[in-house]
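> Below is one structure. I have some questions about it.
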Amino acid sequence: MKKALFILFLFSGLLSLAQDPVLSQFYSAPLLLNPAFAGNTLAPRFALNYRNQWPFLQQAYRTYAISYDQFFEQYNSGLGISLLADDAGKGLYKTVKLSGIYAYRLKVGANTYIKTGLEMAGVQAHVNWDKLIFPDQLDPLYGETGPGGSPIPSQELRPDQTNRLYLDLTMGTMIYNPYFYGGIALNHVNSPDVRFIRISDNTSSGLPVRLTIHGGSQVELFESRGGKTAFFVSPNIMYTKQGNFSELLGGAYFGMGPLFAGLWGRLTPTNPDAAILNIGLRRGNMKISYSFDATISKLSLGSGGAHELGIVFNLDDQSDRKSPDYNDCFQLFR
């Protein structure tokens, strides 16, 4: 019975145009946060991300992402490519999104820049209809099977297609200097139709626009010999709203030499959702980090919280990192 109710819970989210996956380690996947981040490094930058949310609830949500981006000085532009795969309900509902991203940088002061980015993505969504359990398949005493143990057939009509292909557009902009950054992004500006079942009603058929507002700073506390920053703190905040859902994520990231750690909190309008702990290591061109979302809402830790892994390969050499283009507060994202 619990499994059946869980599947119904997931599918109801799909029919109501469920929200996008949002990573706790947004700084390890900047292209997913705002396309204006494309070209945050001079040499190629690669990122790998994995998130497993609520693993004790039938492996509810798993998200995978890989991306590449780089800045091209001769064109004053950044280019990026990202691939995102999201699995809800252990194969019940899957989406794969391939994106191409372009960002242009405009200098508006001695050390202040505005970057504007555009993302064009092709998305494939698939629902595994055979895994769905509808109310007319639930027996009051035996759950998702009848008295004899056999599955109960449903009168629901299977849709003509269980795959959807659609175009998804995103735009974003941000301003930054050596002391702070701030940005805004709008996902699904074309409100793509993601329905599998055509219902003649007055409800919207488009995926709701997702608004993201984010900002932060970096404070260098002291330096080691040679002028290399030995310890810094980077406070950040991110607000996301899509349809009737919204959340606020805030916290700080601390770096000392090759080690770093972060402590964050995520809030929704009705309750605190999670406390997030992040730890990691930076060696040479690679940065690896792990975070755990400790659920503090009514769902509790019985859900398993969320585990997230981020790996970043920044191929910039030391001479690149002394360039004036690195005179900003984006060490968190590199």
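The values are calculated or read from the model by the stated rules, or taken from the named source; none is laboratory data. Small disclaimer: the values here were computed from a predicted structure and weren't measured. Neighbour counts run over all protein chains shown; Cβ positions are idealised from the backbone, glycine included.
> Could you say whether any residue in the range 86-101 is among the basic types (Lys, Arg) and over 30 Å from Gly206 (Cα atoms)?
No.
> Evaluate the following for Thr212: is it assigned to a strand (DSSP E or B), under 30 Å from Asn128 (Cα atoms), among the hydroxyl-bearing types (Ser, Thr, Tyr) and at pLDDT 95 or above?
no
> Among (1) more than 18 Å from Ser28 (Cβ to Cβ); (2) modelled with pLDDT under 95; (3) surrounded by 14 or more Cβ atoms within 10 Å (Cβ to Cβ), where does Tyr239 come up short?
With respect to (1) more than 18 Å from Ser28 (Cβ to Cβ); (2) modelled with pLDDT under 95; (3) surrounded by 14 or more Cβ atoms within 10 Å (Cβ to Cβ), Tyr239 is out only on (2).
> If you don't mind, there's one more thing I want to ask. Could you please give the count of residues in the range 23-38 that are in contact with an Asp or Glu (Cβ under 7 Å, 6 or more places away or on another chain), buried (at least 24 other Cβ atoms within 10 Å of the Cβ) and either of a type in the set (A, V, I, L, M, F, W, C) or at positive phi (or both)?
Residues flagged as in contact with an Asp or Glu (Cβ under 7 Å, 6 or more places away or on another chain), buried (at least 24 other Cβ atoms within 10 Å of the Cβ) and either of a type in the set (A, V, I, L, M, F, W, C) or at positive phi (or both) within the range 23-38 amount to 2.
> Go through (1) aromatic (Phe, Trp, Tyr); (2) under 14 Å from the mean Cα position of the chain (by Cα); (3) under 26 Å from Arg282 (Cα atoms) and name the single condition Phe72 misses.
Tallying (1) aromatic (Phe, Trp, Tyr); (2) under 14 Å from the mean Cα position of the chain (by Cα); (3) under 26 Å from Arg282 (Cα atoms), Phe72 fails exactly one: (2).
> Tell me yes or no: at least one residue of the range 304-316 is modelled with pLDDT under 90, buried (at least 16 other Cβ atoms within 10 Å of the Cβ) and among the charged types (D, E, K, R).
yes
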